[in-house]
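The values are calculated or read from the model by the stated rules, or taken from the named source; none is laboratory data. From a predicted model like this one, the values you see are computed outputs, not experimental measurements. Glycine gets a Cβ as well: all are built from the backbone with ideal geometry, and neighbour counts include every protein chain shown.
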Amino acid sequence: MQYDFEEILETIKMTEIEHFDIRTVTLGISLRDCVDRNIEVTKQKIYDKILKYGKNHVKYASQIERQYGIKIANKRVSITPASIPFDSFKLDEFVEVARVLDKAAAEIGIDYLAGYSALVQKGMTNGERELIKSIPIALSETQRVCSSINVASTKAGINMDAVLMMSDVIKETAERTKDKDSIGCAKLVVFCNVPEDNPFVAGAFHGVSEPEVVLNVGISGPGVVLDAIKSAGKIDLQQLAEVIKKTVFKITRAGELIGREVASKHGIPFGIVDISLAPTPAPGDSIGDILKAMGVEDVGAPGTTAALAMLNDSVKKAGLMASSSVGGMSGAFIPVSEDQAMIDAVERGNLSLEKLEAMTSVCSVGLDMIAIPGDTPSTTIAGIIADECAIGIINDKTTSARLIPAYGKKLGDYIDYGGLLGKAPIMDVRNLSSNNFVGRGGRIPAPVRSLTN
Amino acid sequence: MFISYFGKLKGKKVKLSESEIRAIAMQAINELGDNANPELVKEVVEKAIKNSEYVPIPETQSQTTGRVILTSFGLNHPGIVSNVTKVLSDANCDITDLSQKLMGDFYTMIIMLDISNSPKDLSEIQNDLNVVAEKMKIKVYLQHEDLFRFMHRV
């Protein structure tokens, strides 16, 4: 037989037992040709374009799912950062745009559409300022629209004015969606060094250098890596790195195959495969469990950052070998609410915000899906965001903050969204003021790239 | 340089070079002059394309081959192979390889198939097999071979 018994059974085991799935196939659509001086015409153009390219997205993905027996968890759409084509719009008009995006997403049968975004790491245009101000209204009045704002980059530094503005936006979004545990904040990410081809919502958008339409894929598979590490037994770290790489190689290859096939059904170019290990609240599908299987007692124990660094690096090495189209975030996600082992570690008091911050300096993204007390001052939120951005600009990597200052909630309470967003305990935030630092405003200059000590 | 013309010319997509498009446009201008209207333009363009040697763009074919792999396992009992293979022969699938192993009370069976001559498509055969799987209380998975090639062969 062309394939070994073991090879075939390994694949079946991955898809049927270890939760290996494709986390998302994301259709990137350029909206740069949709602007018109008449808002009604603009809305019609946006709606028509998303339907033109997206109407069969769910259907095609489902067909590929059946053909290969691999589940595709999410089918999503990303668009050009809305501030770019619609720069002449005012706040109210941006909200109108968000509504029509929501309507188009519902029509094609997807749960999230991302790209209500702006890139303001160096400064803001009038349109970008209007879009940012419209975010609380847009996210509270729509269900499917996700927003991301890039406020820092290694080349530009940290735009502290934008950081301050975003922390107010986060607070206001939390208040406007207080009936649903401040869910608006789960759809809003603040980035440093944002990738332009990331398929993972809420931070996805269709970058300015992307083609008219493109299909990107995000793989998943913490469960597969977890089982591989567990069955490897007591081996040294170099051998463990090999085990992780072999496993990730295989899931990346499967991810690329699925992406290319869905793109080919659409008749559009295939973009990238994002090799991130993305956890879900399902038992075993957890980055926290991988770290524990590697040997730390619980997430947050000394050694956690080193284990995560090694995991992340092995994922990247294997992914790059497996595919020539690696892009996006490509690493390991460490959200709290979406990962049961992380939730447990926070509940047991083993994982603090500060340890999570340290872990973000070696993982692929940043402080993700972290619930904090609703009365956290916006300048403290700005301080947390600035810290994340500092890690990003100095280490030349993507970092982000998806913080949920859950309105009316305090330490000991929970937010619970169900589904993939999961549930999270409110985490403790240090009661020290950042006011006088972040309140200075302006921009932290771009960092030096030599003398790297 | 080629650009694609995605019109509905007799339901087929065609690929034309820029110079060919220019030639067709000039022909239409010469033939129609001031009388141009949408129907007449369409007629002239269709005629011109029919007379030129255009390259039709093949419709997107995602499934490269008809080779699929069937994996089945469960508690061993008589009739499993015959029930599964009956579905396959009814669907005119060609079995190219078959192997099976027993581990205690459990069996594992792997069949390589070619379904390119089958009147049914992959999902229809999957549905038929699911009926058998439920009846026999076994698991049957049918997946395109590309998946295994991508994951286990460099």
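Look through A:75, A:45, A:59, A:52 and report the one residue that is surrounded by 24 or more Cβ atoms within 10 Å (Cβ to Cβ), at pLDDT 95 or above and more than 30 Å from residue B:96 (Cα to Cα).
A:75
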Just to be sure before I move on: is residue A:64 free of Cβ contacts under 8 Å to residues at least 40 places away in the same chain and within 14 Å of another protein chain (Cβ to nearest Cβ) in the structure I sent? no
When you go through (1) within 12 Å of chain A (Cβ to nearest Cβ); (2) in contact with a Ser or Thr (Cβ under 7 Å, 6 or more places away or on another chain); (3) modelled with pLDDT of 80 or more one by one for residue B:62, which number turns out not to apply? (3)
Exception for residue A:67 within (1) modelled with pLDDT of 95 or more; (2) buried (at least 22 other Cβ atoms within 10 Å of the Cβ) falls at (1)
Counting only residues in the stretch B:135-144 that are more than 8 Å from every other protein chain (Cβ to nearest Cβ) and touching a Leu at 6+ places or on another chain (Cβ under 9 Å), the one nearest to residue A:11 (Cα to Cα) is identified as B:140
Identity of the residue in the stretch A:229-284, without any contact (Cβ under 8 Å) to a residue 60 or more places away in the chain and charged (D, E, K, R), that ends up nearest to residue A:362 (Cα to Cα): A:242
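Per-residue answers, yes or no, for (1) within 13 Å of chain B (Cβ to nearest Cβ); (2) in contact with an Asp or Glu (Cβ under 9 Å, 6 or more places away or on another chain); (3) under 21 Å from residue A:198 (Cβ atoms); (4) not charged (D, E, K, R):
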site: A:7; (1), (2), (3), (4): yes, no, no, no
site: A:13; (1), (2), (3), (4): yes, yes, no, no
site: A:19; (1), (2), (3), (4): no, yes, no, yes
site: A:25; (1), (2), (3), (4): no, no, yes, yes
site: A:35; (1), (2), (3), (4): no, yes, no, yes
site: A:42; (1), (2), (3), (4): no, yes, no, yes
site: A:52; (1), (2), (3), (4): yes, no, no, no
site: A:56; (1), (2), (3), (4): yes, no, no, yes
site: A:74; (1), (2), (3), (4): no, yes, yes, yes
With a cut-off of at least 2 residues that are more than 12 Å from chain B (Cβ to nearest Cβ) and crowded, with 24+ Cβ neighbours inside 10 Å, name the helices (runs of 4 or more DSSP H) lying wholly within the stretch A:200-307. A:222-232, A:287-294
Within the stretch A:87-133, track down each residue that is in contact with a helix residue (DSSP H, G or I) (Cβ under 8 Å, 6 or more places away or on another chain), over 15 Å from residue A:208 (Cβ atoms) and assigned to a strand (DSSP E or B). A:113
From A:70, A:84, grab the single residue that is outside any helix (DSSP H, G or I), aliphatic (A, V, I, L, M) and over 30 Å from residue B:65 (Cα atoms). A:84
Mind checking which pairs have a first residue in the stretch A:177-200 that is under 24 Å from residue A:276 (Cβ atoms) and in contact (Cβ under 8 Å) with a residue 12 or more places away in the chain and a second that is assigned to a loop (DSSP other than H, G, I, E, B) and of a type in the set (Asp, Glu), Cβ under 8 Å, 6 or more apart or different chains? A:193/A:396; A:196/A:210; A:197/A:210
Hits in the stretch B:112-134 - residues which are charged (D, E, K, R), under 10 Å from residue B:93 (Cβ atoms) and in a loop (DSSP other than H, G, I, E, B): B:120
For the stretch A:124-162, how many residues meet the condition of being more than 16 Å from residue A:99 (Cα to Cα) and in contact with a strand residue (DSSP E or B) (Cβ under 7 Å, 6 or more places away or on another chain)? 12
